[in-house]
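The structure under discussion appears below in the form of structure tokens.
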Amino acid sequence: MKKYSLLVKFKLHLKFILLLSFALLVTGVAGIYFIRYLVKPTTGLVMNYMEVVDDNGAIIFSPRTPFSPAVAAGLIPNKDAIRAINNHTIKTVRDVLEENSRIWSFKSFPVQVLRDGKKEITIYITPELNLLRVDWIATLFFLFVLGFMVYYLVLNHRHETYNIIAVTAGLFFMLFICAQPFYYDNVFTLALIYLGETVSWLLVVFALYFPRPKFNKIFRRGLLATIAALYLIYFFFRTKAFMQWIQYHDDRYFAAVVSLGQMQNISDLFAYILFFGFIFHTYIKSTGAKIRKHLEWLAAGAFITLPTYVFFDQLPFILGETPGQRMGMGSFANFFLAFLPLFYIIGLIKSHKIDLQVLNRRSIISLLFTLIFLAAFAILFEPFKNIFVQSYGMSADVAGFMVALSLFVTFFLLYTFLLWLVERFFNRRQEPTNPEAAINIIETDEPIDLKYTIPLQKEKITELRSLWKGVWLRLSQNLRGVNNSLITLTRDARKVCDNTQWYGTGREKGLETIIQETVGKVRQGTMSIHDFVKKFMLFMGQESAIPISMDLETIISSACEQIRVRIPDINLKILPHTEVKLFCYPEEIIFSLVLLFENAYEALRNKNGVITVATDATPEQVCIEIIDHGIGISEKIINKIFDPFFTRKRGHDGLGLYFCKLLAEKNWGRIEVRSVENKQTSVCLYLSQLQDQ
């Protein structure tokens with residue numbers, strides 16, 4: 001067993017180290033590119049992509065970004081043909097890229113252009129720092145959310161295959177976003193872009209394995225092999241065209257690179273369709289309420305992210321390089337991309353403070369109010385600006401600024417107040433929770449993959465048990481010695497008092513009384529230590545030989561019998577349950593249920609109150625839910641109730657729920673608590689039916 005545990009531990013740590021090292025490496029490379037992007041002077045001739053097109057040998061300024069130093073300097077889109085930059089002749093798109101890469105100063109530089117094919121003029125472009133452009137903030141926000149998702153999954157959910165795929169997709173897209181401003185610099189950067197472009201199909205693979213593999217192995221492997229083969233072919237031909245473009249400065253090769261990029265964007269659309277199809281398939285097939293809720297969050301993020309990103313950022317590429325149809329949101333599209341990893345993590349952590357229905361309702365109401373206030377702003381702006389100009393003699397610009405600021409502040413305060421009123425209206429109309437209905441709504445979920453973590457959990461409990469056995473023996477020996485010494489001291493002191501006749505009179509205490517009180521306090525302290533350690537050992541339970549399959553009914557009945565011996569007045573209501581077998585250490589599960597029954601009884605204000613025991617089952621696991629309508633648990637401390645020695649009850653040690661959690665995890669399960677203060681508390685114990693852990 002020791003060898004097996006060490007082997008499992010080694011495999012677990014090896015996977016973690018490799019995954020974390022890969023994440024740190026990719027993050028470091030992405031960080032270098034992002035810093036380079038921030039410090040590189042921006043000219044407006046290359047902004048993520050080329051801002052020029054080759055029109056029959058003429059290099060036409062045709063920007064995708066509507067606001068840039070080149071536009072501010074006076075270059076007119078789709079009219080100016082660039083002839084020279086910094087007195088270097090421009091004949092191809094590649095020439096523009098190379099001249100732009102040489103500019104690392106913020107001094108103005110000349111650009112000779114031919115306007116409308118007739119007039120030759122020189123325009124001076126003053127490069128600007130990217131930090132002065134607000135769109136980098138949207139990119140930084142997206143990278144932060146993406147990085148949070150990646151490292152959260154690495155540290156907490158690295159055992160599931162689909163989460164490893166999500167980590168890989170997140171890291172690749174991080175590379176894509178940071179390397180995108182240098183898209184056509186060199187082959188290495190283009191290779192990083194290629195990795196980022198696989199994200200759409202990595203989403204398909206993720207959906208194929210979430211929450212467990214779909215279809216059969218032949219189909220999955222065939223699909224993965226097909227995707228890999230097509231991408232390798234795509235990478236080969238696009239890299240070949242790119243290298244020929246670098247070598248020959250012939251824009252026909254660049255056109256081939258762009259055409260292949262359009263094919264990639266079109267393939268992304270098919271990937272997104274497959275992704276939604278697989279997610280929908282998982283949703284309708286899943287029986288776990290938590291998985292369905294997770295999917296709802298994932299779908300919400302996808303519906304916000306993908307259509308927006310495709311329409312504003314990818315559609316210009318799909319439509320082609322036609323002048324006048326190239327404007328996109330650029331880096332601002334990254335703001336919308338952040339919703340997908342953000343919603344995925346929210347769904348994964350199953351936050352009880354964020355409700356999807358409430359979020360959707362608030363989003364719809366907020367959008368409605370925003371549209372109303374925008375319309376009101378459009379109607380009121382001009383009349384109020386004219387009033388300011390005529391009444392106070394302000395210039396049109398100053399009056400416009402004052403009116404815009406005043407309307408914004410007014411509408412913002414009004415928006416906040418109306419949103420508060422609507423929320424109060426909805427909250428007032430909500431019916432209180434029906435306890436009987438809550439009994440029948442038991443969330444079930446897909447089983448957690450504990451292939452590696454459970455053996456380590458067993459080992460941890462075994463080591464704790466061995467440790468505390470040693471502590472128990474050492475303390476017991478010392479406590480017995482202390483008790484024997486106290487008995488001897490009491491006997492000898494009594495003999496001394498009998499011989500000397502030293503007794504107290506009135507309020508004066510005699511020697512015998514003082515010794516007896518002191519000895520009594522010491523013995524009381526030693527007995528308290530003895531009882532605590534004994535109770536601790538009881539919590540640790542006995543070493544079980546092997547796990548077995550046992551009827552759920554037998555386990556619940558045994559726990560009910562034991563708690564009725566302890567608390568004869570307890571009122572348990574056992575709802576009908578399905579006939580299933582649990583694969584577990586039965587004595588430990590029974591002991592955990594007894595502790596949960598005892599906690600539920602102590603939470604009741606009226607000790608005659610009913611404690612309901614309900615069950616629900618899926619093909620993989622069973623949920624045992626214990627519901628009491630007692631004092632409940634406040635939100636301030638509900639996250640602490642599983643901490644050892646945390647308790648609100650006088651005379652309690654705060655170990656019950658801690659050991660329930662340990663024993664549940666040892667038995668391939670978990671425990672969850674949901675509570676509404678002063679109404680009810682629901683404790684759900686999820687256990688496995690599987691025997692192949």
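The values are calculated or read from the model by the stated rules, or taken from the named source; none is laboratory data. Since the model is a prediction, treat every value here as computed from it, not as a measurement. Because the Cβ atoms are built from the backbone with ideal geometry, glycine has one as well, and the counts that use them run over all protein chains shown.
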Consider only pairs whose beta carbons are under 7 Å apart and that are at least six residues apart or on different chains; among these, list those whose first residue lies in segment 274-286 and is without any contact (Cβ under 8 Å) to a residue 40 or more places away in the chain and at negative phi and whose second residue is basic (Lys, Arg) and part of a helix (DSSP H, G or I).
283/292
Among what's in segment 293-313 and is at pLDDT 75 or above and of a type outside the set (A, V, I, L, M, F, W, C), pick the residue that is nearest to residue 210 (Cα to Cα).
294
Segment 648-688: number of residues that are part of a loop (DSSP other than H, G, I, E, B) and over 19 Å from residue 591 (Cα atoms)
7
Yes or no: segment 130-151 includes at least one residue that is within 25 Å of residue 34 (Cα to Cα) and in a strand (DSSP E or B).
no
Being over 13 Å from residue 415 (Cα atoms), of a type outside the set (Val, Ile, Thr), modelled with pLDDT of 75 or more and part of a helix (DSSP H, G or I) is the filter here; which residues of segment 338-376 pass it?
339, 340, 341, 342, 343, 344, 347, 348, 375
Among the residues listed as 256, 225, the single one being crowded, with 17+ Cβ neighbours inside 10 Å and out of contact with any Asp or Glu (no Cβ under 9 Å at 6 or more places or on another chain):
256
Filter result (assigned to a helix (DSSP H, G or I), under 16 Å from residue 612 (Cβ atoms) and of a type in the set (A, V, I, L, M)) within segment 553-576:
556, 559, 563
Within the bounds of segment 103-119, is there any residue that is of a type in the set (Val, Ile, Thr) and within 26 Å of the chain's Cα centre (by Cα)?
no
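To keep it simple, each residue is scored yes or no on (1) farther than 16 Å from residue 33 by Cβ; (2) buried (at least 21 other Cβ atoms within 10 Å of the Cβ); (3) at pLDDT 90 or above.
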{"position": "171", "(1), (2), (3)": "no, yes, yes"}
{"position": "174", "(1), (2), (3)": "no, yes, yes"}
{"position": "185", "(1), (2), (3)": "no, no, no"}
{"position": "188", "(1), (2), (3)": "no, no, yes"}
{"position": "201", "(1), (2), (3)": "yes, yes, yes"}
{"position": "205", "(1), (2), (3)": "yes, yes, yes"}
{"position": "210", "(1), (2), (3)": "yes, yes, no"}
{"position": "214", "(1), (2), (3)": "yes, no, no"}
In segment 566-587, how many are under 27 Å from residue 607 (Cα atoms), at pLDDT below 85 and of a type in the set (A, V, I, L, M)?
0
Being crowded, with 18+ Cβ neighbours inside 10 Å and modelled with pLDDT under 75 is the filter here; which residues of segment 265-289 pass it?
286, 288
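Given the structure, is residue 193 touching a Lys or Arg at 6+ places or on another chain (Cβ under 8 Å) and either part of a helix (DSSP H, G or I) or crowded, with 22+ Cβ neighbours inside 10 Å (or both)?
no
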Identify the residue in segment 40-59 that is surrounded by fewer than 19 Cβ atoms within 10 Å (Cβ to Cβ) and outside any loop (DSSP other than H, G, I, E, B) and, among all such residues, is farthest from the chain's Cα centre (by Cα).
58
Residue satisfying all of: in segment 239-253; part of a helix (DSSP H, G or I) and in contact (Cβ under 8 Å) with a residue 24 or more places away in the chain; surrounded by the most Cβ atoms within 10 Å (Cβ to Cβ) among these:
245
So, in segment 625-672, exactly how many residues are over 30 Å from the mean Cα position of the chain (by Cα) and touching a residue at least 12 places away in the same chain (Cβ under 8 Å)?
6
Tally the residues that are out of contact with any helix residue (DSSP H, G or I) (no Cβ under 7 Å at 6 or more places or on another chain), outside the structural domain of residue 94 (by TED's automatic domain parsing) and small (Gly, Ala, Ser), restricting the search to segment 20-76.
3
